[in-house]
1. Per-residue HN-Hα couplings for the stretch 593-610, Karplus 6.51 cos²θ - 1.76 cosθ + 1.60 at θ = phi - 60°, whole Hz, x for Gly and Pro?
2. List the residues, sorted by chain then number, that are 5 or more residues from Leu706 or on another chain and whose placed amide H is less than 5 Å from its amide H.
3. Put Arg348, Arg685, Arg190 in order of accessible area, largest first, 1.4 Å probe: what do you get?
4. I need the shape label for the chain. Rule: rounded when a/c is under 1.5, else prolate if a/b > b/c, else oblate, with a, b, c from the alpha carbon gyration tensor.
5. With each run of n ≥ 4 DSSP H residues scored as -39500 (n - 2.57), what mean residue ellipticity at 222 nm is computed for the chain after dividing by its residue count and rounding to the nearest 500 deg cm²/dmol?
6. Less than 14 Å Cβ to Cβ from Trp678, Lys/Arg counted +1 and Asp/Glu -1: what total charge do the surrounding residues give?
7. Return a single number: how many Lys pairs in the chain, at a sequence separation of 8 or more or on separate chains, have alpha-carbon atoms below 26 angstrom apart.
8. Please figure out what share of the DSSP beta bridges in the chain is antiparallel and state it in percent, rounded to the nearest 5.
Amino acid sequence: MLAVLVLGVGWLVINRFRESAAERAAFPIEEGRVAVAGITAQVEIYRDELGVPHVQAGNETDAYFGWGFAHAQDRLAQMLWLRRSAQGRTAEIIGRKGLPADRWARLLDLATLAEDQSERLDARSRGRLAAYAAGVNARIERIRAGRVGPPRALRGALPIEPWRPADSLAVLKFYSWGLADTIDVSLVLRDINLRLGSRAAAPFFPRGSGGGSVPGEPPPSVTAAADPARPGRAAEGRARLRRVLGVDGRTVGSSAWVVGGADTESGHVMLAADTHLEPTAPSLLHVAQVQGGEFDVAGAAVVGVPVFWTGHNRDIAWASTHPKLASIDLYEETVDPDNPGRYHDGARWQPLIERLEVIGVRGGGDEQLTIRSSRHGPLIGEWLAQELQPLSLAWVGAREDVHSAVTTMSRVAMASNADELLAALEQHHEPPLALAYADRLGAGGVQLAAWIPRRELRTDLIPLPGRARWYDWKRRVPFEQLPTRRLTNGRRRVVAADGRLSSTSDRAQIEWLWRSGARVKRIDTLLSRERERGAIDLRRMSLLQADVGSETTAGLIQAALEVAGPIEDLSVEAKDITRLLQAWDGTSLADSVGAAAYHVFVESLAGALFDQVIGEELGQRFRDLPQVDVSQVVLALLAIAGTSEALDRDAAGRAVRDCLRQTWLKLSFSLGANRDKWRWGRLHRLTFRPFGALQRKKLPAELSDLPIGGSGNTINAAEFAADSMSVRVASTFRMVIDLGSLDRALIAIAPGESEHPQHPHFRDGVDGWLAGRSALLVTDRLQVRESGSRRLVLERLP
């Protein structure tokens, strides 16, 4: 028996050693010389203390090659999984559980859209993508030749197929779709409208929209309603697609602000930015500096796509933020009941366009999908349970006249001042961006850039009648009509976050999603406080990004307690929570008891009010929507309690009182009877999840069950699940840039640059990020070379 035990232990030790050796064999070679095909001259890749690659080449083409090589060194498995997901081919690897997401990728036809767009690119953009792909393939060839090992996630699992230029566009289309997906928003808002009628449904709609009847159609209150209780199998597939990207959350997006030189220590404009994504290991973003010819840019890119969404060159800085607007419309099509192969376009019967998709399934037979499309787009109604009408999907990203961000954002990266940057943005179409920018001359601001359909009539985000041609997309909103704000006329700062970019009377008729403005108010307050202390420097600006306070919580607390009635009438438990809420300063620190009480109470109240007004199932569907701001809707419902047939004031008061008591019970049950232990960080825990479906092992303990502050509305975003309070979305990337010293920026990226679990840069960014610290990113060519960075030389094969 002892011998068997010894042999077993020995086998485990040997197996662990082999796995560790295989893991190390996949690490990027960071020093020495490597001969590769596809470059015209020597390319150098320096690695700093963060693992950030600094690519230095003699020309732009070789620089893009080095960028692709560096991406493949750090994130090849992630890139290949993103490509396969965009193509709808994950079931070939993981079997039937990949089908829900694959079906939607095929329905959207992301791969074909990418191929078509690649043929329309200008020569320079095609050359950039080709050079980038050649760099990726140079790394792949080294793996195939056995010179380096494959990443853990690829060993015996995922075929390593060559990277093609169109693959970058497929990942870009995938990313754009992940941010744009508002199908569930339209369906849920429609069902709320149908259940309550337009007036009572208004609090659930984004401010400035909601509940309007479609012209020429019966009012929603007399239209037959679909069953609102269905979860919808199609929603599962779309959620899985968003989850692959790490964008499946209510607060996915970004924040940025620009501060004029009058308020900064350097006297130059400063720009701060962050990105809110699901906490994955690795992150969707990767930081690099790429120099070659006139191209000299540092910042963050989505792996697989050579586009700097946030970054700087020698003259300007920019930050892409998600503007939270609708770039999708759903149409209720009229299909001939006697001939389901045709539909009515408002003038005549037309044949539906059909195409066949075949999805390979590991361990099973191929699945065949017949996808039908109208002039608006593919029919998705048959993919949704119990729909009354066939619904078609119109998405900006599917249009032939939409320009690629590879072209437009590369022009942004090459701009030398704000005017050139804005000229480049004029042709930017997808994904929609609210781009914060600044230049060395003192200009700065925020500009919305997107292909936005010019809607002659408001849609209120609900499905539209397909036969009504006045809802067709005939042209885009002219660029000059898109919202813009600049550091002019005494304006000292501009913020792009969760606030409105335009007024409700905006003539462009842009359909906005929920924008509470909570983060904007906090940023504005903190910048005013910092200015009172003196001119703001780079480090103080970066510390603001770790703030977890809120200017709006007090208003919700006051509204709820007013509806609850006199405190002396509350139960003992409800009184206890009420006192905690009244004494709380609105800061969601990890050790705050008041924060724990507030967030548990608001989520409980949201559930109670939604259940009461729209029913339990529809209420849950609403809370699961991407981009919805639950606290904003709760506040809106409290404001109308007693004035709306949908919500009686007495019933609302009972809900508040009951939720106060339920909050006490939940905190006592979860954290114990000692109120001093009701700290927010004991409930609010963050665990990085492995990116994609191919990681077969758990992540290190250092990336699991981490106490963290913040919430979905704080600057340091940390959205949480309503049931478990675990973190769903976090500010995993931050950057601060002073236009007076562009060669020295501050960044934070969590968990790290590498996808290799045993690599030092897999999780080395976590501790500083959790503590709110940012690290120095030096980009001056000489300083990078003299800083002790590791140096890899790519040499041209003879």
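The values are calculated or read from the model by the stated rules, or taken from the named source; none is laboratory data. Keep in mind that this is a model prediction, so the values were computed, not measured. Cβ sites come from the backbone with ideal geometry, for glycine too, and all protein chains shown count toward neighbours. Calculation scope for accessible area: heavy atoms of the full protein, side chains included, ligands and nucleic acids excluded. Shrake-Rupley method; radii C 1.70, N 1.55, O 1.52, S 1.80 Å.
1. Values per residue, Gly and Pro as x: 6, x, 5, 4, 4, 5, 5, 5, 5, 5, 5, 5, 5, 4, x, 5, 5, 5 Hz.
2. Close amide H contacts, sequence-distant or interchain: Leu686, Thr687.
3. These residues rank, largest area first, as Arg348, Arg685, Arg190.
4. Details: a/c = 1.37, a/b = 1.21, b/c = 1.13.
Taking the square roots of the gyration eigenvalues as a ≥ b ≥ c, the chain is rounded.
5. Working: 23 runs with 290 residues, N = 798.
Taken over the chain, the calculation gives -11500 deg cm²/dmol.
6. Numbers: positive: Arg579, Lys666, Arg675, Lys677, Arg679, Arg682; negative: Glu573, Asp576, Asp591, Asp676.
Here the count lands on +2.
7. Close lysine pairs under the 26 Å cut-off: 10.
8. Values: 93 of 107 bridges.
Given both bridge residues lie in the chain, the antiparallel proportion sits at roughly 85 percent.
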